[in-house]
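The values are calculated or read from the model by the stated rules, or taken from the named source; none is laboratory data. Fair warning: this is a prediction, and the values are worked out from it, not measured in the lab. FYI the Cβ positions are ideal-geometry reconstructions off the backbone, even for glycines, and counts take in every protein chain you see.
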Amino acid sequence: MAIHFEENVFTAPTGFRAVGLAVGIKESGAKDLALIVSDRDTSAAGVFTTNRVQAAPVHLNRTHLQSGTARAIIVNSGNANACTGKPGDQDAARTAQELANALSLSAEDVLVNSTGVIGVPLPMDVLLKGAQEAVRGLGEGGWGDAAEAIMTTDTRPKTASATFVVEEATITVSGMAKGAGMIAPNMATMLGFIVTDADLDPAELQSQLSRSVQTSFNCITVDGDMSTNDTVLALANGASGSSLSGDDLDAFAAALDCVCTSLARQIARDGEGATKLITIEVTGAPDADSARTVGLSVANSNLVKTAVFGRDPNWGRILCAAGYAGVDFDADRTTVSIVGIPIYASGGGVPFDHEAAVEALGADEITIDIDLGAGDAVATLYTCDLTYDYVRINAEYTT
């Protein structure tokens, strides 16, 4: 079944509305509040950070998702409502209740999300006033503003959409995400929101989301740091009128994977201060976990990331990072290529055109291929280069 996919595009699924606006949470005056609402009953699913320190909205959403349903997602940026104690929990719950009242829903139908500075109380008067304004501004064309409103240190909105046809009905899967720093599995300082008019029960939606996140959002790293608010939510309202099974369900899985993988790549590409997206392909591993472990070890290596920034085809850094990953493999059977140029094999470096490699490393997207020669398992990881600007951005984050 053909999947039509578009990156940096948000095609609104039937029955959803959105809005994004500036309400005054960010001192800069930039957009800082987004609202997504389904006009009908909706299956809901979520995947959350594994950090032991979790923000108030994460606790609230875990509770609200126990029913497997939700109708609204509210997101504020500029303040994480994390490490704010019991008052933070109360603020998250009050946000859900006030918004539910405005939308004639129950509080459990509302999923609350925050992102920004940790340890600062939410400006509730500003937030709740903004939520009322957001309800009044809901529309079918508000998706671009919503994608912008969830950003923090992002340099651009991140959106993707996929469609396919079932029984003459077009099914849409669309998503938006934010994230640029504190990015590391499982998951990152990121928020992701997927909406679809497919007809899926909550258990199937949760299964599909968890599976897709594992090979997309859980395969990116910018700096190895994991945050407190990381969340991916999915809503499926069935407004397309077509139930899914068999090949149709496979098509939905493929569409969801297209959207999640695109958003994950966009996050890695927009890493704080980054100039290049780095894709690490690990093949020949004894099992999938080993492939992923080696790939993440290389992706998290500051020496590898700075070498890519400096256009240095230094295979020693790549092999070293693979070697300390804790996976059993034979270095003499391992091969390494960078930007398609073989640079290591049979236990040592191989002759290559250094100048051509330096020139190739000037591209916006760089691929590192590592074949461990130890099996058939594979993994793909995404990261970015490490630049001077990463230090500047994070040195000045709260000052």
- Task: Return the only residue of Ser212, Ser227 being polar (S, T, N, Q) and at pLDDT 95 or above.
- Result: Ser212
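Taking the range 122-140 as the region of interest, how many residues are without any contact (Cβ under 8 Å) to a residue 40 or more places away in the chain and over 21 Å from Leu105 (Cβ atoms)?
So the count comes out to 1.
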- Would the range 232-241 turn up any residue that is touching an Asp or Glu at 6+ places or on another chain (Cβ under 9 Å) and in a helix (DSSP H, G or I)? no
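Does Ala322 meet the test of being buried (at least 21 other Cβ atoms within 10 Å of the Cβ), closer than 16 Å to Asp389 by Cα and over 19 Å from the mean Cα position of the chain (by Cα)?
For Ala322, the condition - buried (at least 21 other Cβ atoms within 10 Å of the Cβ), closer than 16 Å to Asp389 by Cα and over 19 Å from the mean Cα position of the chain (by Cα) - is not met.
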- Query: Which of (1) modelled with pLDDT of 95 or more; (2) more than 21 Å from Ile220 (Cα to Cα); (3) surrounded by fewer than 16 Cβ atoms within 10 Å (Cβ to Cβ) does Thr399 not meet, given it meets every other one?
  - Reply: (1)
- Among Gly238, Gly310, which is buried (at least 18 other Cβ atoms within 10 Å of the Cβ) and either in the same structural domain as Asp376 (by TED's automatic domain parsing) or within 25 Å of Leu111 (Cβ to Cβ) (or both)? Gly238
- Could you check, for the range 52-71, whether at least one of its residues is surrounded by fewer than 21 Cβ atoms within 10 Å (Cβ to Cβ) and in contact with a Pro (Cβ under 7 Å, 6 or more places away or on another chain)? yes
- Tell me, yes or no, whether the range 63-77 has at least one residue that is over 21 Å from Asp145 (Cα atoms), out of contact with any His (no Cβ under 6 Å at 6 or more places or on another chain), in a loop (DSSP other than H, G, I, E, B) and free of Cβ contacts under 8 Å to residues at least 40 places away in the same chain. no
- Query: Here are some residues: Asp250, Asp257. Which one is at pLDDT 95 or above, over 21 Å from the mean Cα position of the chain (by Cα) and in a helix (DSSP H, G or I)?
  - Reply: Asp250
- Message: One residue is enough: does the range 98-118 have a residue meeting the conditions modelled with pLDDT under 95 and either in a loop (DSSP other than H, G, I, E, B) or over 30 Å from Leu386 (Cβ atoms) (or both)?
- Response: yes
- Query: If you check Ile343, Ile366, which single one turns out to be over 30 Å from Glu27 (Cα atoms), part of a strand (DSSP E or B), within 21 Å of the chain's Cα centre (by Cα) and of a type in the set (Val, Ile, Thr)?
  - Reply: Ile366
- Query: What number of residues within the range 375-386 satisfy the criterion of being crowded, with 19+ Cβ neighbours inside 10 Å and either basic (Lys, Arg) or outside any strand (DSSP E or B) (or both)?
  - Reply: 2
- Message: Just to check your reading of the model, which residue among Asp364, Asp389 is surrounded by fewer than 20 Cβ atoms within 10 Å (Cβ to Cβ), within 23 Å of Ala268 (Cβ to Cβ) and touching a Leu at 6+ places or on another chain (Cβ under 8 Å)?
- Response: Asp364
- Task: Of the numbered conditions (1) outside any loop (DSSP other than H, G, I, E, B); (2) more than 22 Å from Asp199 (Cα to Cα), Gly46 fails exactly one; give the number of that condition.
- Result: (2)
- Message: Please pick out the residue among Thr172, Thr153 that is out of contact with any Lys or Arg (no Cβ under 7 Å at 6 or more places or on another chain), modelled with pLDDT of 90 or more and surrounded by fewer than 24 Cβ atoms within 10 Å (Cβ to Cβ).
- Response: Thr172
